[in-house]
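Undergrad: Here it is, the structure in full.
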Amino acid sequence: MPPFPFPLPTTSLISYANLLHDTSLSFTAELAEATSARTTLQLALKALDENNPSASALSVVDAVQGYLPYLQSIIHSLDSDLLLPKSELSFTWTPSLTSYPLKTPALTLPSIHAEHLFVLLVYALSLSNYANSILRSLPVFESIQDSKGKSKAGGAAQSVVGRLTAEDEKKITVGLGRAVDLLCQASGIATYVADKICPVFEGAKKGAGRNGKLKWPVETGAEAFRGLAMVFLADAHVTAIRKLLLPVLTHSLFSPPGPPLPSNHPSPSLLAKLYLHTASLYESARAFFKVRGGESSSNRKLFSRDKKTGDTEPHDTTEGDPIPELQRYLRKESLLASALARKWLGVDAGENSKEPQTGEALAWVKDAQSRLEELEDSAVREKMKGFSLSRGGDKKKEARKARKGRVERELEDVRAWIASYQALNDKVSFQPVPPSSSLVVPSGRQVFNAKTFVPPPNKFGSTFKVPLDGSTPDSEGAQNASPTEAYAGQGNYF
């Protein structure tokens, strides 16, 4: 269930006093504070990596917000020669989105812009993970049909007995809205990095050449950040659809799947268009990440031979090859969104037309069924990898357990709609069922955009760049103006 739980990069400790020379001796205290703020971020990331019970995505968000104004001040001071590097600057980060054949290495990356890029990457991923933690803390408000057709709650952290109270509904509504807002913020940060930071870092990459024996990690490319922006927006739309369906919670929990729809049900046409746009976002993300048919780097040989030269060298999977978990997630959510879009297009044709188009409705829902079955089969195969028992009955039982989940629930619902429309068409409508290839898919509908990221004010140094022609800045005393103080967790109100 979106949003995707992203693994976060980790980094090593540094001291800015050892890296930078303060030419005017004006920033000694500020550099110490910057080192302290970065250490707080490093410890927050380490705690999450070690599964410390006290660690959380919010603690990382707070640490980034505390460190970012100092980092921006250092970058500006380096550009203005107020600070000078004592040697070639480099920062060590362990990428979290790049697939490696063995253990993920800690990479030494050149320039202060690598630091800026990875800090903003951590910021965006942590906002998404914070949204994920908010959704996991909500009361259960979705159902899974058991083998006897009875409805039971599942899919979240708390339990629901009988029905949701007004307080539960309010908490769910606020939580879903907050998660959508966080995901849109994360999308804006990823877009900012792709547009502003990656082009600057490209110069450092070209100057440094190949990063040791390895190519650059996928996180250092603008395409990956544009892909992340798409993932965050797609997850925001899925979360918004959950909020849209909240008023029909009781119906979905306690009524059998299929028709009729309750009177307060959201428009099937609107749901279809939202899912179509969501599917297109996931597909765009896959294209940006250069996912090659869901192929995982773990399925490739560690050593490959160059066809032209015959040389054998370690197969490098660090450029354009994201972690397999993200690849599978994008494929699954894309297929699921496209299948649900077709389900609701079928319901719209069968329920809301002036003259119900039962034949067209059947074509849409059957197309949805085939897509869901494809997704279910691939999910079962994935869960059954490595599972081998001598008794076939035990293996079949395990396969049935593996099928339980979102896809099975949606598949049962689609089959109920197919049975209803098939019976109606056989006895009343007698309409031809067109082939799925002849169906015209409408355009999707977007309801959210990425929230524009505005960098916080610098913590020290001038807050503007001196004009290249040497003219006086427009505002007198702007260089001495102190920026508005920021604080940890600023903007995270819930």
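Undergrad: Quick one: which residues, 5+ away or cross-chain, put their amide H under 5 Å from the amide H of Lys459? H built at 1.01 Å from N.
TA: The list, which skips near neighbours in sequence, is Tyr70, Ser73.
Undergrad: Report, as a whole number in µm² per second, the diffusion coefficient that Stokes-Einstein gives for region 29-69 at 37 °C and 0.692 mPa s using the Kirkwood radius over alpha carbon pairs.
TA: Values: Rh = 10.3 Å.
Once the numbers are plugged in, D ends up at 320 µm²/s.
Undergrad: Right, another one. Compute the orientation-averaged projected area for region 223-296 from the convex hull of its Cα atoms and round it to one decimal in nm².
TA: Across all orientations, region 223-296 yields a mean hull projection of 6.3 nm².
Undergrad: Continuing with the same structure: What is the set of long-range amide H partners of Thr92 at a cut-off below 5 Å, with H atoms built 1.01 Å from backbone N?
TA: For Thr92, the qualifying residues are Ser12, Leu109.
Undergrad: Using 18 Å as the cut-off for backbone N distance, which residues of region 83-119 belong to the label zone defined by a point 7 Å from the Cα of Lys196 along Cα→Cβ?
TA: Residues 112-119 qualify, since their backbone N sits under 18 Å from the label point.
Undergrad: Still on this model: Using the beta-carbon distance between Asp81 and Glu223 and R0 = 45 Å, what value does 1/(1 + (r/R0)^6) give for FRET efficiency, to the nearest 0.05?
TA: Numbers: r = 33 Å, r/R0 = 0.74.
Rounded to the nearest 0.05, the efficiency is 0.85.
Undergrad: Enumerate the amide H contacts of Asn52 below 5 Å, restricted to partners 5 or more residues apart or on another chain; note that Pro and chain-start residues carry no placed amide H.
TA: Under 5 Å from the amide H of Asn52: no residue qualifies.
Undergrad: Hey, got the Cα dimensions of region 1-89 along the principal axes, in Å, largest first?
TA: For region 1-89, the Cα spread along each principal axis is 51, 22, 22 Å.
Undergrad: In the structure displayed, which of Lys343/Lys451; Lys103/Lys290; Lys170/Lys343; Lys196/Lys451; Lys46/Lys243; Lys243/Lys290 lie more than 24 Å apart, Cα to Cα? Mind dumping the intermediate values first?
TA: On the way: Lys343/Lys451 31 Å; Lys103/Lys290 22 Å; Lys170/Lys343 29 Å; Lys196/Lys451 15 Å; Lys46/Lys243 34 Å; Lys243/Lys290 31 Å.
The pairs that break the limit, which is 24 Å between Cα atoms, are Lys343/Lys451; Lys170/Lys343; Lys46/Lys243; Lys243/Lys290.
Undergrad: Follow-up question, since we're still on this one. In a solvent-free Debye calculation with one equal scatterer on each Cα, what is log10 I(q)/I(0) for region 174-278 at q = 0.13, 0.17 Å⁻¹, listed in the order of the q values?
TA: -0.64, -0.85
Undergrad: How big is region 416-463 on each of its three principal axes, counting only the C-alpha atoms and giving the largest first in Å?
TA: Largest first, region 416-463 extends 79, 23, 12 Å along its Cα principal axes.
Every number in this text was worked out from the coordinates using simple rules, so none of it is lab data. In this text the structure is predicted, and so the values were computed from the model without any measurement. Glycine gets a Cβ as well: all are built from the backbone with ideal geometry, and neighbour counts include every protein chain shown.
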